[in-house]
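Student: Before we start, here is the structure in question, set down as structure tokens.
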Amino acid sequence: MKQTETIYVIARAINGISINGNEYLLDKKDGDVLEFDTREECIKHCESVGLDDSYVWEEEKLDGEG
């Protein structure tokens, strides 16, 4: 059985409508979703790029994903 871990990402609802799903802030280097281990790290990154903490999403990730 795979374990899950909590990760933090920066995202928003597509066109501001939650049923459309989310679009995520990507890493410029490889195009993967930016993931953070703690909420605090994620908030600091938001602040560094001019976003507030409303863009911070907590998600579960299965070990071995991504």
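Student: Identify, from the list GLU60, GLU41, GLU5, GLU23, the residue that is touching a residue at least 12 places away in the same chain (Cβ under 8 Å) and either polar (S, T, N, Q) or in a helix (DSSP H, G or I) (or both). Break it down stepwise before answering.
Tutor: On the way: GLU60 fails: either polar (S, T, N, Q) or in a helix (DSSP H, G or I) (or both); GLU5 fails: either polar (S, T, N, Q) or in a helix (DSSP H, G or I) (or both); GLU23 fails: either polar (S, T, N, Q) or in a helix (DSSP H, G or I) (or both).
Answer to the selection: GLU41.
Student: Out of all the residues in the stretch 13-55, which are within 23 Å of GLN3 (Cβ to Cβ) and among the hydrophobic types (A, V, I, L, M, F, W, C)? Give the derivation first.
Tutor: First, the residues of the stretch 13-55 that are within 23 Å of GLN3 (Cβ to Cβ): 24, 32-42.
Passing the criteria: VAL33, LEU34, PHE36, CYS42.
No lab work stands behind these numbers, since they all come straight from the coordinates. It should be emphasised that the depicted structure is a prediction, and the values quoted were computed from it without experimental measurement. Here the Cβ is made from the backbone with ideal geometry for all residues, glycine too, and neighbour counts use every protein chain on show.
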